[in-house]
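Here's the structure we're looking at; comments come further down.
The values are calculated or read from the model by the stated rules, or taken from the named source; none is laboratory data. This one's a predicted model, so the numbers in the text were calculated from it and none came from an experiment. Cβ coordinates were reconstructed from backbone atoms using ideal geometry, including for glycine residues, and neighbour counts include every protein chain displayed. With ligands, DNA and RNA removed, areas are computed over all heavy atoms of the protein, side chains included. Shrake-Rupley method; radii C 1.70, N 1.55, O 1.52, S 1.80 Å.
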Amino acid sequence: MKFPKRFKEIGVISIVLIVSLSYGLYFFLQGLTEDSINTSLFEQQRLRQLDTNNAISQHISSDLDSIVSRLKVIANSVYAQQGNMSGDGIELILQEMYNDTTQLVGKADNLFIVDRNGIITHIASDQEEQRSFVGNNVSFREYVNQTKATLKPVFSTGLLSSDGVYRIIITYPIINRETGQYLGFVGAGIPTVDFFSGFGNVYDIESQYLAALDRNATHLVHSNPQLIGKDFFGEYTQNFTRQNKDLNNLMERVLSGKSGDVVYSIGLGERLTTGFPITIREENQTDVSTAPPPYVVFIVTPTSQIYSQFENILFSQRIETFSLLAISTAAAIILIVFLIKWNSNLDSEVKRRTGELEAANEQLKVQENMQKEFINIAAHELRTPTQSITGYSELLASDPENGIQYANPILRNAKKLQRLSEDILDVTRIESQSLKLNKEEFDLNDIISSIVGDHRSLLLDNEDTFNLDIQYESKSIIVKADRGRISQVISNLLSNAIKFTTAITKRRKEKGTISVTAEKKDSEVIISVKDTGQGIDPEILPRLFGKFATKSSTSGTGLGLFISKNIVEAHGGKIWAEKNADGKGVTFSFTLPLI
């Protein structure tokens, strides 16, 4: 009679042990899985923050370059070159450049002129208090003497101005082009807090924020305002950072011109900090200067914020995994062998959830890369004509008598901006499914002949395309379609063919040919543009009709074929490209239904 009871006790103890071991194993494996996921996601966040920090650094550098460009216009103006630093003419162009700077850059709160003796002769500013400083002697300032000594643009260290605002000063020397005589300089005052707040949070220390320092490791901006103007390696800041060696090493690395990152704790909780130098490209240099950067910028993120982003994902996983464990445990009470099955299910579930997280993360990477690619392309495509328009407009304003030579470049770049804007609007309509067609009956030959004729005229005006011939044999074909949109597709294909064929004819010194054909086949018409150009780059081929199908920002936006594909498909046709049989060039074709 005792044996059954003993066996029962052993069974109960065995079940308790099995359950305890099961739950212990669960928590152990769950901990390992979550640690692995947290480590992976944290590394991805670190890399994203480095990319963001780099982008901010480049954006700041671009803004500073824009300010220097405007100072250069003033320094090279007729009024400045005459050396009359007190005249009405230089005051007028100073005010115009100030208005332009605040509209396009919006960072400098004053522009000013200083003569060779260090006396402020003019100040352009919206603040009456700053304009009252005209006549002050600033020759004691380091940036004044540095500009006079180097005869180069100077990016000052941080300084507390007379009005109590912490600023950096950018100067550009005024040097007579004929005599080489130093006449003074034009400068821009930039409030550090207002400037850097345009790139991120600089006020709330409890969340991700920006910090920036000058070449002397003096804080230009920090979410703790008590640190502004303080030396990072000084006693006050070192007490604040608790003399953290890892942070000090990162600071020294970034100040030397290298990027870096570190995770550390200084009593406010653990932080992830990344840092990048703000490099300034000197005039007539293709590479940035090897000298220490004038400024550095950091992004500081509480790691608790990073981990909180993962917590919701992990919480859902814990609930589902724990439910599976409970079911497996109940099954183990009935039959111990179910424990093996439970382990298998648990492992599969963990792998599946991890795979889902990885897939979601890969999708995020794709979206981020597409966004970065679009920003880079749009920035290049917009900046080039915008800077040209601005430059020629400034020349037109300062030299109206020769205005006719500046009008054509302004018009050409304005049209380029218009085309880019229309492409972006078309992409927006396509993605929002709001692209509308105005179909009508018309002779396809009319628009092909017109487009070919227009492009032939352009070839005659361009010496680079004199060795290029466009062939087309007129043939009447009636279709019902959107005349404007079909013209847009044909013009785009023909423009691409001219661009890539011209590149070959110039390099090989041989004649290039482009042929346009339109042929009826069954119930549709096939329009083809065949060229003898350089063909399709293998890297571009898999995504030829996708957005941004271009190797670099210098090759255009890469939107034309994407728009053309959607226009053709909206008509019920299809578009494709294939290499020519002789190995020279490529043929783009698309179909349209006949009436």
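Determine the gain in length on full extension of the stretch F42-S139; use 0.36 nm per residue of separation and subtract their C-alpha separation, reporting nm with one decimal.
Numbers: separation 97, 0.36 × 97 = 34.92 nm, distance 5.07 nm.
Gain on extension, F42 to S139, equals 29.9 nm.
Among Y264, H222, P302, flag the residue with its Cα farthest along the positive direction of the charge dipole of the range 176-307, charges on Cβ as +1 for Lys/Arg and -1 for Asp/Glu.
Sorting the options by dipole projection puts first Y264.
Cβ neighbours within 10 Å, averaged per peptide: list 70-78, 579-587 in order, most packed at the top.
Values: 70-78: 19.9, 579-587: 13.9.
Top of the packing list down: 70-78, 579-587.
Any chance you could run the full-extension gain for D126 through L411? It's 0.36 nm times the residue separation minus the Cα-Cα distance, nm to one decimal.
Between D126 and L411, full extension yields an extra 99.4 nm.
Expressed in nm to one decimal, what extension gain is obtained for the pair S304 and E178 from 0.36 nm per residue of sequence separation less their Cα-Cα distance? Don't skip to the end; give the middle numbers.
Details: separation 126, 0.36 × 126 = 45.36 nm, distance 6.14 nm.
Gain in length upon complete extension: 39.2 nm.
Where does each of E473, E358, E91 land when they are ordered by accessible area, with a 1.4 Å probe and the largest first?
Working: E473 145, E358 110, E91 90 Å².
Ranking E473, E358, E91 by accessible area, largest first, yields E473, E358, E91.
For S523, what accessible surface area do you get with a 1.4 Å probe? Give it in Å², rounded to 10.
Approximately 80 Å² of S523 is accessible to the 1.4 Å probe.
Between E270 and E349, what FRET efficiency comes out of the Förster formula 1/(1 + (r/R0)^6) with R0 = 30 Å and r the beta carbon distance, rounded to 0.05? Working shown, then result.
On the way: r = 31 Å, r/R0 = 1.02.
Taking R0 as 30 Å, the efficiency between E349 and E270 is 0.45.
Run the simple label-point estimate for S20 and Q433 please: 7 Å along Cα→C-beta, distance reported in nm.
Placing both labels 7 Å along Cα→Cβ, they lie 6.0 nm apart.
Starting with the highest mean, order 244-252, 292-300, 503-511, 199-207 by the number of other Cβ atoms within 10 Å, averaged over the residues of each peptide.
Working: 244-252: 16.7, 292-300: 22.3, 503-511: 12.8, 199-207: 14.9.
Result, highest mean Cβ count within 10 Å first: 292-300, 244-252, 199-207, 503-511.
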